[in-house]
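The values are calculated or read from the model by the stated rules, or taken from the named source; none is laboratory data. Note that the structure is predicted; figures quoted are calculated from it, not measured. Every residue, glycine as well, gets a Cβ built from its backbone with ideal geometry; the counts of neighbours run over all protein chains shown.
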Amino acid sequence: MTNLNLHDALKQYFGFTKFKGLQEQVIRSIINKEDVFVIMPTGGGKSLCYQLPALIQEGTAIVVSPLIALMKNQVDAIRGISEDEGIAHVLNSSLNKGDVARVMNDIKSGVTKLLYVAPESLTKEEYIDFLKTQKISFVAIDEAHCISEWGHDFRPEYRNLKKIIERIDDVPIIGLTATATPKVQEDILKNLAITDATTYKASFNRPNLYYEIRPKTKDVEKDIIRFVRDFKDKSGIIYCLSRKKVEEIANVLIVNGIKAVPYHAGLDGKTRAKHQDMFLMEDVDVVVATIAFGMGIDKPDVRFVIHHDIPKSLESYYQETGRGGRDGGEGHCLAFYAYKDIEKLEKFLSGKPVAEQEIGHALLQEVVSYAETSMSRRKFLLHYFGEEFDEKNGEGADMDDNVRNPKKKVEAKNEVKI
Ligand code: ADP
Ligand code: MG
């Protein structure tokens, strides 16, 4: 494999002609047996960073991933490019003895290049004992922020991965995440005990997204309708905190002649799938949703993302607004902000364990600062993700409300109305 041209492999296995962003460098590091840490925004093309080296190297790469649905999608995609189904497998609790034997055989015979496992499956002694005896090329930990309590999706099982990997083999570890806060990154590296990881971090700047915060008043529904009407026939997402609010806003839009559907976890699977399809097929323009909507949705021409309620962290805000303008075209991100919504989110926290409360509170304070800042929102957001942004000449520098319409340096609450 040493002389295999990576571009040929990219074309042959994935049908792409160019690497995206830092992919090629990442892949070269993996082939060089380095420990690698990859930080790229969602949609940046992280999967290919471990899939390609897995396919062209000897042995089996283990991919740890938190969601069965995500693993299944990837396995199906990889199987689609090969004659042999055994090229990729998932090892999880739903397999019967026969299935497991088949997977193990394929690994033994060297057919399996990618083995996807949920972290809890990897703790099984019989799997560890088996994998110890096999040729493992590397271990990739996808969604590595699950390791950190500061991440938006902490999973305790993730914290034991390092010990298990050590028992299996002394192989390179690849961590991948779309969470860019320095704190989470530090946590990941510390937990994986990688001291000299080669880190690749893509920029999180989305220059075509326009960021705007408006005060949330009793007229918020009217504001939303007016805003959506300006985007006639264009696609957009409106996020609300509660299922009830989702239904309410969807109804208000429909009554006002806007084609909209609700989406939340309280709807049955069939309805959810139908509403998602209607949005993707453009039978409707707007989907009103809780955060249940969005994972893995790749509609390139979402022209606006509205937050009826401010999210609980800037990571969530970045993820959700990030679903706008994927095609590089306009993406207007409008969030309505009222301090009483922050208090509501604080209240949700009060039932949680103390450590979680503290983290949740700190994350919320950042949201408040962002919402109330008069500085470049892009600069604020990127700084939060550990990235410097040149507010004069950086790409997208004028794409927010504060830069376009600078506020006077007067705190709203100190203004005296006569
Ligand atoms: P992430 O995990 O970083 O969110 P994915 O791995 O899911 O991103 O990839 C996002 C999309 O980018 C996928 O549709 C994938 O097929 C596509 N993609 C990845 N690499 C390339 C490439 N080199 N050229 C074109 N498209 C790519
Ligand atoms: Mg991914």
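Quick notes on this structure:
- Test for D153: is it at pLDDT below 90, within 16 Å of ligand 2 (Cβ to nearest atom) and surrounded by fewer than 17 Cβ atoms within 10 Å (Cβ to Cβ): yes
- Of the helices (runs of 4 or more DSSP H) lying entirely inside the range 143-250, those carrying at least 2 residues that are farther than 30 Å from E330 by Cα and away from ligand 1 (no atom under 16 Å from the Cβ) are 161-168, 182-191.
- A77 meets each of the listed conditions (1) away from ligand 2 (no atom under 15 Å from the Cβ); (2) surrounded by fewer than 18 Cβ atoms within 10 Å (Cβ to Cβ) apart from (1).
- Positions within the range 12-48 being on the phi > 0 side of the Ramachandran plot and more than 7 Å from ligand 1 (Cβ to nearest atom), in sequence order: G15, G21, K33
- For the range 39-74, a residue qualifies if it is more than 12 Å from ligand 2 (Cβ to nearest atom) and closer than 22 Å to N5 by Cβ, and the qualifying residues are L52, P53, A54, L55, I56, Q57, E58, G59, A61.
- Residue that is surrounded by the most Cβ atoms within 10 Å (Cβ to Cβ), among those in the range 41-74 that are of a type in the set (A, V, I, L, M) and at pLDDT below 95: M71
- Subset of the range 251-261 [in a loop (DSSP other than H, G, I, E, B), in contact with a strand residue (DSSP E or B) (Cβ under 9 Å, 6 or more places away or on another chain) and surrounded by fewer than 16 Cβ atoms within 10 Å (Cβ to Cβ)]: K259
- Among (1) within 15 Å of ligand 2 (Cβ to nearest atom); (2) surrounded by fewer than 19 Cβ atoms within 10 Å (Cβ to Cβ), the one test that E85 misses: (1)
- Here the range 5-29 is the region considered, the condition is being within 16 Å of ligand 2 (Cβ to nearest atom) and in a helix (DSSP H, G or I), and the residue that is surrounded by the fewest Cβ atoms within 10 Å (Cβ to Cβ) is F14.
- Any hit, the range 93-114, residues being in a loop (DSSP other than H, G, I, E, B), in contact (Cβ under 8 Å) with a residue 12 or more places away in the chain and of a type in the set (A, V, I, L, M, F, W, C): yes
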